[in-house]
1. Give me the percent relative contact order of the chain, please, defined on Cα pairs under 8 angstrom at least 6 residues apart.
2. Taking 0.36 nm per residue of separation and subtracting the Cα-Cα distance, what length does fully extending residue 201 through residue 132 add?
3. Starting from the Cα of residue 22, move 7 Å in the Cα-to-Cβ direction to define the label point; list residues of the range 48-65 whose amide nitrogen is under 15 Å from there.
4. Give me the one-decimal nm value for the distance between modelled label points at residue 303 and residue 94, 7 Å along each residue's Cα-to-Cβ direction.
5. Can you tell me which of 294, 82, 205 moves the most in a GNM of the chain? Springs connect C-alpha atoms under 10 Å apart.
6. Picking from 14, 165, 71, which is most flexible by a Gaussian network model of the chain using Cα springs under 10 Å?
7. Given points 7 Å out from each Cα along the Cα-Cβ axis, report the residue 238 to residue 11 separation in nanometres with one decimal.
8. Could you tell me the center-to-center distance, by alpha carbons, between the range 162-190 and the range 90-109 in angstrom?
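Bear in mind that the values in this text are calculations on the coordinates, not laboratory data. Here the structure is a predicted model, which means the values were calculated and not measured. Cβ: placed from backbone, ideal geometry, glycine included. Neighbour counts: every protein chain shown.
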């Protein structure tokens, strides 16, 4: 076993450039381009069959692209650089009848870490997930949620330069999700982190950036705040007064009313400005709230997947 470890990358910018992949003439990933910025969590979402797992496998070199390339710090990525990545596949790949600590140490040794450091690192990660008392247990004696935690520990055991995680939160309870999210924030604080998930509320809560894939193509990408700010300029107006009825707002110029509930109206601007709308309302009744409404991620996802 070689004890020399590859030198870590310096800047850690991961660029996916025009990646495509075909199977028997069918294009499943089509000209996919996006960037995973170090220090920011990037969510990778899409319906089943959108091409997320195929894209991740090309990033890791598990699959060869039909076209395009993966860049690390602006240059084509090498096998040695990929070895410094942490990967969690959708199909879990640990040994079910092997002791937890033994296999984490084994995986660390494959990355050139000496046994003493590997053992300490394994126990540090298990302690974070409240699995220290199970460190010497066989993997398949653990619950599925705890097996998931060990799988994450396996992807982090060698202190990777980047993380690519396929559905890392699948099947976890809220407490385990919070523990995993805090660990990822600590371990990948200055590294690129890409993870896929079908849990849109979780992606919205955790991610800085978002890439939405549909039928093998990128249909939306950017910061979560930018994407939530796209679409119609929508405002919530709440009148200030007991028993207020906002139904009369329907008659104002330059808006489309989405909903009225008692003294609150949800409206889209359609030919007027926010300041003009506020002036129209205040001229008639006092206002308790006038605020911009950001689209939830679920609404953006439905819109781009129509």
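1. Details: 567 pairs, mean separation 62.3, N = 306.
After rounding, I find 20 percent.
2. Numbers: separation 69, 0.36 × 69 = 24.84 nm, distance 3.02 nm.
Going from the current span to full extension adds 21.8 nm.
3. 65, by backbone N distance to the label point.
4. Taking the simple label geometry, residue 303 and residue 94 are separated by 4.0 nm.
5. Largest GNM mean-square fluctuation: 205.
6. Result: 71 has the largest fluctuation of those listed.
7. According to this spin-label approximation, the distance is 4.7 nm.
8. Centre-to-centre (Cα) distance: 18 Å.
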